[in-house]
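Right, one structure below, let's go through it.
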Amino acid sequence: MKELNYIFIINPTAGHGRTNNAFNMIEDIIENKNVHCEFKFTSAAGQATEFAKDAVTQGFTHIISVGGDGTSHEVVNGLIGSSAVFGVVPSGSGNDFPKAASIPLDTRLAIETVFSGKERAVDVGKLGDKYFINGLGIGLDGAVSHRFKKLKLLRGQLGYLLGSVQEALTFKGFPVQVKIDDWNYRGTLLLTGASNGLYQGGKFKLAPEAKIDDGLLDFHIIKDMSIINRLIKIPKVLEGSHSDLNEVEIIRATNMEISLETRIPAHMDGEPFYLEEGTHRIEIVPSGLRMLSA
């Protein structure tokens, strides 16, 4: 039987100090475990990906992300395609992926799940050569993610909600062409993207029916609307009752092609970036990740 080797990749800045508490608990719990454990602490963006790649090369059997969805996003992009098993000890602002993947939000229970949870295969999404585990947003929610990243005082779900209201007042819709199977759309959108899990931004139920192991992504297409309509309809997205709105399409499929005329703000698993003009393909990688859950 292969010897179990665990590496914990820890983002000490996640969750305003919650990660430090998690590290102390991990040390406490592993004293009673007969397994080899190592720790790596990130200090810069992208470092978790490099640590995960190194861990795969070194033969670690279990690679554990300790932080928020952004940390998990980086770790998965480092281990994808390997035989390593992924685990999460959530300590971030939104923790959207753990909610979708049946990972306890309680720190001690999450650590125990790393050692005694069930191993399962889950889907991941792909855009170009990058992977996302929970969701991809293009447009308004991408702009919110960029704004949220700059907030210093107000973090967590309240900060994301405030950013959403601010962007709803100022964001300009963008022209696109979208193709999903035999469904086509050409026009101006407020936002679009893909969900693997059902939550994005902490409390926004963008894809209320999404499942991380059904071999499909839930693509949302929300057409541009007036500022007053945006403000009225944000609460519907929070509660997941927006799918019946005239401006909204949610389509479950394996892939989507989107053509942009300009560079648009976007996010993957809450991490902001810009999607360049041109045609992009977003697709599912069925059972692309082996992970531990309760």
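The values are calculated or read from the model by the stated rules, or taken from the named source; none is laboratory data. Note that the coordinates shown come from a computational prediction; the quantities given were computed from them, not determined experimentally. So basically every Cβ, Gly included, is an ideal-geometry build from the backbone, and we count neighbours across all protein chains shown.
Of the residues Phe86, Phe23, which is within 15 Å of the chain's Cα centre (by Cα) and hydrophobic (A, V, I, L, M, F, W, C)?
Phe86 is the lone residue from the list that is within 15 Å of the chain's Cα centre (by Cα) and hydrophobic (A, V, I, L, M, F, W, C).
Out of the residues in the range 137-185 that are of a type in the set (Phe, Trp, Tyr) and modelled with pLDDT under 75, which is surrounded by the fewest Cβ atoms within 10 Å (Cβ to Cβ)?
Looking at residues that are of a type in the set (Phe, Trp, Tyr) and modelled with pLDDT under 75, I get Tyr160.
Select, from Ser241, Ser259, Ser287, the only residue that is polar (S, T, N, Q), farther than 28 Å from Ser82 by Cβ and assigned to a strand (DSSP E or B).
On the way: Ser241 fails: assigned to a strand (DSSP E or B); Ser287 fails: farther than 28 Å from Ser82 by Cβ.
Being polar (S, T, N, Q), farther than 28 Å from Ser82 by Cβ and assigned to a strand (DSSP E or B) holds for just one of Ser241, Ser259, Ser287, which is Ser259.
Given the conditions (1) closer than 28 Å to Val285 by Cα; (2) touching a residue at least 40 places away in the same chain (Cβ under 8 Å), which single one is not true for Thr42?
Of (1) closer than 28 Å to Val285 by Cα; (2) touching a residue at least 40 places away in the same chain (Cβ under 8 Å), only one is false for Thr42: (2).
Got a sec? Which of Val66, Val75 is farther than 15 Å from Asp269 by Cβ, surrounded by 24 or more Cβ atoms within 10 Å (Cβ to Cβ) and either touching a helix residue (DSSP H, G or I) at 6+ places or on another chain (Cβ under 6 Å) or at pLDDT below 95 (or both)?
Checking each option against the conditions leaves just Val66.
Modelled with pLDDT of 95 or more and either crowded, with 24+ Cβ neighbours inside 10 Å or on the phi < 0 side of the Ramachandran plot (or both), is that true of Gly87?
Yes: the conditions hold for Gly87.
For Ala194, state whether it is within 22 Å of Gly94 (Cβ to Cβ), hydrophobic (A, V, I, L, M, F, W, C) and at pLDDT 90 or above.
Yes; evaluated as a whole, the condition is true for this residue.
Among all residue pairs at least 6 apart or on different chains, which show Cβ distances below 7 Å where the first residue, located in the range 240-252, is within 19 Å of Gly187 (Cα to Cα) and the second is among the charged types (D, E, K, R) and at pLDDT 80 or above?
Final answer for the pair search is Leu245/Lys233; Leu245/Lys236; Glu247/Lys223; Ile250/Asp218.
Please specify each residue of the range 4-41 satisfying the condition of being within 21 Å of Ala84 (Cβ to Cβ) and in a loop (DSSP other than H, G, I, E, B).
Of everything in the range 4-41, those that are within 21 Å of Ala84 (Cβ to Cβ) and in a loop (DSSP other than H, G, I, E, B) turn out to be Leu4, Asn11, Lys33, Asn34, Val35.
How many residues are among the hydrophobic types (A, V, I, L, M, F, W, C), modelled with pLDDT of 85 or more and touching a Leu at 6+ places or on another chain (Cβ under 7 Å) if we restrict to the range 218-262?
6
Hey, does the range 90-111 have a residue that's touching a Phe, Trp or Tyr at 6+ places or on another chain (Cβ under 9 Å), small (Gly, Ala, Ser) and assigned to a strand (DSSP E or B)?
no
Could we say that Asp218 is assigned to a loop (DSSP other than H, G, I, E, B) and over 21 Å from Arg147 (Cα atoms) here?
no
Of the residues that sit in the range 112-129 and are part of a strand (DSSP E or B) and β-branched (Val, Ile, Thr), which one is nearest to Ile30 (Cα to Cα)?
Looking at the filtered set, the residue picked out is Val122.
Scan the range 1-59 residue by residue and report those that are over 18 Å from Val76 (Cβ atoms), in contact with a Leu (Cβ under 9 Å, 6 or more places away or on another chain) and modelled with pLDDT of 90 or more.
The one that is over 18 Å from Val76 (Cβ atoms), in contact with a Leu (Cβ under 9 Å, 6 or more places away or on another chain) and modelled with pLDDT of 90 or more: His36.
What are the residues in the range 76-127 that are among the hydroxyl-bearing types (Ser, Thr, Tyr) and within 18 Å of Tyr6 (Cβ to Cβ), if any? First the steps, then the outcome.
Here is the first cut: in the range 76-127, the ones among the hydroxyl-bearing types (Ser, Thr, Tyr) are 82-83, 91, 93, 102, 107, 113, 116.
Listed by number, the residues that qualify are Ser82, Ser83, Ser91, Thr107, Thr113, Ser116.
Counting only residues that are β-branched (Val, Ile, Thr) and over 21 Å from Gly125 (Cβ atoms), which one in the range 232-270 is nearest to the chain's Cα centre (by Cα)? Outline the logic, then answer.
Taking the range 232-270 as the starting set, the residues that turn out to be β-branched (Val, Ile, Thr) are 232, 234, 237, 248, 250-251, 254, 258, 262, 264.
Restricting the remaining residues to those that are over 21 Å from Gly125 (Cβ atoms) gives 232, 234, 262.
Details: Ile232: 26, Ile234: 20, Thr262: 24 Å.
My answer is Ile234.
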